[in-house]
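Student: Structure below; questions to follow.
Each reported figure results from applying straightforward, stated rules to the coordinates on display, with no laboratory input. Please read these numbers as outputs of a predicted model, since none were measured by experiment. Don't worry about glycine lacking a Cβ; one is built from the backbone with ideal geometry, like all the others, and counts go over all protein chains shown.
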2 protein chains.
Amino acid sequence: MAKKVNDRDDVLAANEAFYAAFESLDADRMQAVWLKESYITCTHPGWARLIGWGSVMQSWREIFSSTFGMKFVIADEMAHAIGDLGWVTCTEHIESRVYDGVSHATVIATNLFERRQGAWWLVHHHGSPLVRAADPSESQLQ
Amino acid sequence: MAKKVNDRDDVLAANEAFYAAFESLDADRMQAVWLKESYITCTHPGWARLIGWGSVMQSWREIFSSTFGMKFVIADEMAHAIGDLGWVTCTEHIESRVYDGVSHATVIATNLFERRQGAWWLVHHHGSPLVRAADPSESQLQ
């Protein structure tokens, strides 16, 4: 039981490292959190699914190159780990400085991590825009 | 290696059962595909995340009660299983008959399954609206 709690903490720490890399707008740092595999996948809010290291990393470079600054507040984290897979669902409150000013967005995220040699690596990220609040306790619209 | 392939096939079959239940608009059938746990989560397109059996099942009843008919074409399925967790990403092409006519939507989905006593149960569904195609081969906009 203690092991399971530790795994969950480790998955949460990997999730935090992902958002720290996101906020840094540093493609090298973002590369360091993903598993280098052909089956990694990423769906940015409103986008189709991207498959594989090349497509996923290219998307981060595109996002980072069109963004001057980004601040994340991550809320409502739920994490589970079963064996060598862990997942986190959370809400991203994002403030972005882009070409035409500052924008705010709320994104619902699913992040999936795989353990290899004792470390947890991101294998799937799915972010979706929050349009309606399904539950008052979950809304936290900005 | 053979086992891993079988696991993936089983996860794909569980994914098909989920969409068959969705299309049936039958809440009992939908209940039968989910793991009865407090940590199950569901994010419908545009919605916030719902947590737990009660909230998740209530959402299906709401969706089913406001829908007269639904047809799914599921495309681009990718499945993986590691230990007792498996996940599928796919594209849902949906035709819905609702109060004010017929609507078409394309949804990008992440579905996570947990194995218990040899069967795979849905523990997390995340659907998001497709707004822009990130890759021509993935677009398939209707």
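Student: Ordered by residue, what ³J(HN,Hα) values in Hz, to whole numbers, does region B:12-25 give under the Karplus form 6.51 cos²θ - 1.76 cosθ + 1.60, where θ = phi - 60° and Gly and Pro are x?
Tutor: Rounded to whole hertz, the list is 5, 5, 5, 5, 5, 5, 4, 6, 5, 5, 4, 5, 6, 6.
Student: Moving on to the next point. Per-residue Cβ counts within 10 Å, from other chains only, averaged over A:80-88: what number is that?
Tutor: Mean partner shielding for this stretch: 5.
Student: Using alpha carbons only, how many angstrom separate the centre of region A:21-87 from the centre of region B:89-128?
Tutor: Using only Cα atoms, the two centres lie 22 Å from each other.
Student: Could I ask something else about it? Using only atoms on other chains, find how many Cβ atoms lie within 10 Å of each Cβ of peptide A:66-78 and report the average.
Tutor: Taking the mean over all residues of the peptide, I get 1.
Student: Quick one: what are the phi-derived ³J(HN,Hα) couplings along region B:110-127, Karplus 6.51/-1.76/1.60 with θ = phi - 60°, whole Hz, x for glycine and proline?
Tutor: Values, residue by residue: 10, 10, 10, 10, 10, 8, 9, 6, x, 10, 9, 10, 6, 10, 7, 10, 9, x Hz.
Student: Let me ask something additional. Which value, in Å to one decimal place, does the Kirkwood hydrodynamic radius take for chain A when every pair of different Cα atoms is included?
Tutor: The answer is 15.7 Å.
Student: Further question: Are there any chymotrypsin sites (Phe, Trp or Tyr not before Pro) in region B:35-122 that are in a DSSP loop and have at most 11 other Cβ atoms within 10 Å? List them by number.
Tutor: Numbers: sites: B:Tyr39, B:Trp47, B:Trp53, B:Trp60, B:Phe64, B:Phe68, B:Phe72, B:Trp87, B:Tyr99, B:Phe113, B:Trp120, B:Trp121; in loops: B:Tyr39, B:Trp47, B:Tyr99.
Passing both the DSSP loop test and the Cβ count: B:Tyr99.
Student: Also: In terms of modelled amide H atoms, which long-range or inter-chain residues lie less than 5 Å from the amide H of B:Met70?
Tutor: When sequence neighbours closer than 5 places are left aside, the close amide H contacts are B:Arg97.
Student: Under the definition of partner shielding as Cβ atoms of other protein chains within 10 Å of a residue Cβ, what is the mean value for peptide A:124-131?
Tutor: 6
Student: In chain B, once you exclude exposed trypsin sites (Lys or Arg not before Pro) (DSSP loop, at most 13 other Cβ within 10 angstrom), what's the longest stretch remaining?
Tutor: Answer - B:37-131.
Student: So what is the relative contact order for region B:1-125, in percent, with contacts set as C-alpha pairs under 8 Å and at least six apart? Before the final figure, lay out the partial values.
Tutor: Values: 221 pairs, mean separation 32.2, N = 125.
Here the relative contact order equals 26 percent.
Student: Let me spell out the model: positive unit charges on the Cβ of Lys and Arg, negative unit charges on the Cβ of Asp and Glu, origin at the Cα centre of chain B. What dipole size does that give, in debye rounded to 20?
Tutor: For chain B, the charge dipole is close to 280 debye.
Student: Right, another one. Counting helices only, and only those DSSP H runs with n ≥ 4, report the 222 nm mean residue ellipticity of chain A as the sum of -39,500 (n - 2.57) divided by its residues, in deg cm²/dmol to the nearest 500.
Tutor: After summing the helix terms and dividing by residue count, I get -10000 deg cm²/dmol.
Student: I want to check the label-to-label distance for B:Tyr39 and B:Ala20. Put each point 7 Å from Cα in the C-beta direction and report it in nm to one decimal.
Tutor: Once both label points are built, they end up 2.9 nm from each other.
Student: Once you order the gyration tensor axes a ≥ b ≥ c over the Cα atoms, which shape class does the protein assembly as shown get: rounded for a/c under 1.5, otherwise prolate or oblate by comparing a/b with b/c?
Tutor: rounded
Student: Now for a separate question. Would you mind computing Rg(Cα) / (2.2 N^0.38 Å) for region B:10-60, counting N as its residues?
Tutor: It is 1.11.
Student: Further question: What does the charge add up to near A:Ala21, with Lys and Arg as +1, Asp and Glu as -1, over the other residues with Cβ less than 11 Å from its Cβ?
Tutor: Here the charged neighbours net out to -3.
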